[in-house]
Amino acid sequence: MSLRLALIQADTRWHDSRGNRELYGTEVRRLAAQADVLLLPETFLSGFSNDAAAVAEGMDGEGIAWLKALAADCGVVIAGSLVIKGSDGRAVNRFVWMAPDGELVIYDKRHLFRMAKEHERYAPGEQRPIIEYKSFRILPAVCYDLRFPVWLRNRVAENGQLEYDLMLLVANWPKPRREHWRTLLRARAIENLAYVAAVNRVGTDGNQIDYAGDSAVIDFLGQPMVELGSQPQSVVVALDRAPLDAHRKRFPAQMDADEFQADW
């Protein structure tokens, strides 16, 4: 069985939720008939801003309501992250998986980018959900999480099966570190015997930080199925379970993985 995944790489408008709803909504509607899941970048309604108070919304705010209505109207899953008001006064960088029937799965970014002082204004996530959809088990992740292989490690269940088949990563990853991005995406796919699909933004944000895009889908061998450039563009890729299952059977490296306990 296959999963049709659309990557939407765009130049997110700075602190302009209405403008971003128009921007991303147009692309979602254009691609909805071609895809099952549409993936938008990190903080796609605001840009990656440390002015959390200015851009954060509640879960009952316009952003979530718009996302729910759009998913229902288009009959697709829409996923990406938003700045959401937290319960302790700090915001959270929240990955939202919105299904057309209104089913909602959330993941709050675990690793906060201290070089931009994200950890001072945002609260870290504690939960690591696995989403099941169209025969795929999916792990959500956000930007800086990509650097932390323990958090993203594909664990082995008691029945010997791996925990997830596809990692979905949304990001605002700056241009100067683009080679880190490209290298780490491949590493995470290879070591976890899983597909990795990652969407980054392009353009220059309100902090004058440049983004190169480089959104990509990487297969379980670490080979790019598609790589986007540095311009706004979208692409649809079909992921097939059969070659993934065959590779895991032929090369069951997870059976020799080290045992460890993680502090989370």
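The values are calculated or read from the model by the stated rules, or taken from the named source; none is laboratory data. What you see is a predicted model, and the numbers here were worked out from it, not measured in a lab. Positions of Cβ are generated from backbone atoms using ideal geometry, with glycine treated the same way; all protein chains shown enter the neighbour counts.
Pairs please, first residue from region 14-32 and in contact (Cβ under 8 Å) with a residue 60 or more places away in the chain, second anywhere and surrounded by 17 or more Cβ atoms within 10 Å (Cβ to Cβ) and in a helix (DSSP H, G or I), Cβ atoms under 8 Å, 6+ apart in sequence or on different chains. Note: pairs meeting the criteria are His15/Val55.
The set of residues in region 1-54 that are modelled with pLDDT under 95, surrounded by fewer than 16 Cβ atoms within 10 Å (Cβ to Cβ) and outside any loop (DSSP other than H, G, I, E, B) comprises Ser2, Ala53, Ala54. Against the criterion of being closer than 20 Å to Ile106 by Cα and among the hydrophobic types (A, V, I, L, M, F, W, C), Leu162 does not qualify. The single condition from (1) within 20 Å of Asp51 (Cβ to Cβ); (2) at pLDDT 95 or above that Pro140 fails is (1). Annotation: Met115 fulfils all but one of (1) within 21 Å of Ala171 (Cβ to Cβ); (2) touching a strand residue (DSSP E or B) at 6+ places or on another chain (Cβ under 8 Å); (3) outside any strand (DSSP E or B); the unmet one is (2).
The number of residues in region 236-261 that are of a type in the set (S, T, N, Q) and surrounded by 11 or more Cβ atoms within 10 Å (Cβ to Cβ) comes to 1. Looking only at region 68-107, filter to residues that are at pLDDT 95 or above and among the polar types (S, T, N, Q); which one of those is nearest to Leu169 (Cα to Cα)? This residue is Ser81. Residues that are of a type in the set (D, E, K, R) and closer than 20 Å to Ser49 by Cβ within region 112-137 comprise Arg114, Lys117, Glu118, Glu120, Arg121, listed in sequence order.
I need a count of the residues in region 1-31 that are farther than 19 Å from Val226 by Cβ and not hydroxyl-bearing (Ser, Thr, Tyr). I'd like the intermediate steps shown before the answer.
Just the residues of region 1-31 that are farther than 19 Å from Val226 by Cβ, to begin with: 1, 11-26, 29.
This time we only want the ones that are not hydroxyl-bearing (Ser, Thr, Tyr), so: 1, 11, 13-16, 18-23, 25, 29.
Residues meeting the conditions: 14.
Scan region 55-68 for residues that are of a type outside the set (D, E, K, R), part of a helix (DSSP H, G or I) and touching a strand residue (DSSP E or B) at 6+ places or on another chain (Cβ under 8 Å) and the total you get is 4.
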